[in-house]
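A short write-up of the structure that comes next.
The values are calculated or read from the model by the stated rules, or taken from the named source; none is laboratory data. Source: prediction; values computed, not measured. So basically every Cβ, Gly included, is an ideal-geometry build from the backbone, and we count neighbours across all protein chains shown.
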Amino acid sequence: MLHNKFGLTLEWSGVLASLIIWGTIIFTPLFGGMVDKFGKRASVMIFGALLLIIAHLTLALTTITPYVPMFILGIAFSLVPAAMWPSVAFLVEEKRLGIAYGFMTSLQNLGLWAFPIVAGSILDQTNKYNIANSLPLDYTWTMLMFATLGLFGLFFAIRLLQTDKKYKFGLENK
């Protein structure tokens, strides 16, 4: 996408995409420390989901330099897990934490397997003319799919906040 839409070289596209992962390596523990200190776990997940939506919509619908939305993606990819994973201990009784984390890991890996396939399928289906005529690929629908996933995340994070307020799990507390 960075090469086709924004004209970055393939090498620089790879570097920019890899910087997101390096950012998560550095920032996820820092954000984890922040939720340990200040709480607001569900609110942080809501904010992270909003950032995911904004970044993907920006990549899909604008020609703004990709550096800004890619930076935003890196922040979102750090915020959400830093708040989500420790929240499990607030929601699941201790004797079931192993299966809860195991299920979360399995579900995450299922998504890491399935969504590149879905994204590739969307890309192929929406670019038949471009592929046949050796034109740059249009990633709009693929990015909109990722923005839609962000909407699902936002919905569930809001529901989590509402449930926390109702049942007082302590997700928003220090």
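Numerical summary
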| item | result |
| --- | --- |
| Failed criterion for residue 76 (all others in (1) in contact (Cβ under 8 Å) with a residue 24 or more places away in the chain; (2) buried (at least 20 other Cβ atoms within 10 Å of the Cβ); (3) more than 11 Å from the chain's Cα centre (by Cα) hold) | (3) |
| Residue in segment 163-172 that is buried (at least 19 other Cβ atoms within 10 Å of the Cβ), of a type outside the set (Asp, Glu) and touching a residue at least 24 places away in the same chain (Cβ under 8 Å) present | yes |
| Unique residue being surrounded by 14 or more Cβ atoms within 10 Å (Cβ to Cβ) and aromatic (Phe, Trp, Tyr) when the list is 71, 152 | 71 |
| Candidates 19, 30, 2, 8 - the one that is modelled with pLDDT under 95, of a type outside the set (Lys, Arg) and over 19 Å from residue 152 (Cβ atoms) | 19 |
| Residue pairs meeting the criteria (Cβ under 9 Å; at least 6 apart or on separate chains; first part of a loop (DSSP other than H, G, I, E, B), in segment 1-30; second of a type in the set (Ser, Thr, Tyr) and crowded, with 16+ Cβ neighbours inside 10 Å) | 1/13; 1/139; 1/142 |
| Yes/no for residue 137 being among the aliphatic types (A, V, I, L, M), surrounded by fewer than 11 Cβ atoms within 10 Å (Cβ to Cβ), at pLDDT 95 or above and closer than 29 Å to residue 5 by Cβ | no |
| Check on residue 43, small (Gly, Ala, Ser) and closer than 16 Å to residue 158 by Cβ | yes |
| For residue 64: the one exception among (1) surrounded by fewer than 17 Cβ atoms within 10 Å (Cβ to Cβ); (2) more than 21 Å from residue 15 (Cβ to Cβ) | (2) |
| Close pairs from segment 40-61: first under 12 Å from residue 83 (Cβ atoms) and part of a loop (DSSP other than H, G, I, E, B), partner among the small types (Gly, Ala, Ser) and at pLDDT 95 or above, Cβ under 9 Å, at least 6 apart | 40/83 |
| Pair list, Cβ < 7 Å and 6+ apart or interchain, from segment 81-110 residues that are within 17 Å of residue 163 (Cα to Cα) to residues that are hydroxyl-bearing (Ser, Thr, Tyr) and at pLDDT 95 or above | 88/101 |
| Residue match in segment 39-57 (condition: among the aliphatic types (A, V, I, L, M), exposed (fewer than 13 other Cβ atoms within 10 Å of the Cβ) and more than 13 Å from the chain's Cα centre (by Cα)) | no |
| Residue count for segment 1-57, restricted to those that are in contact with a His (Cβ under 6 Å, 6 or more places away or on another chain) and among the small types (Gly, Ala, Ser) | 1 |
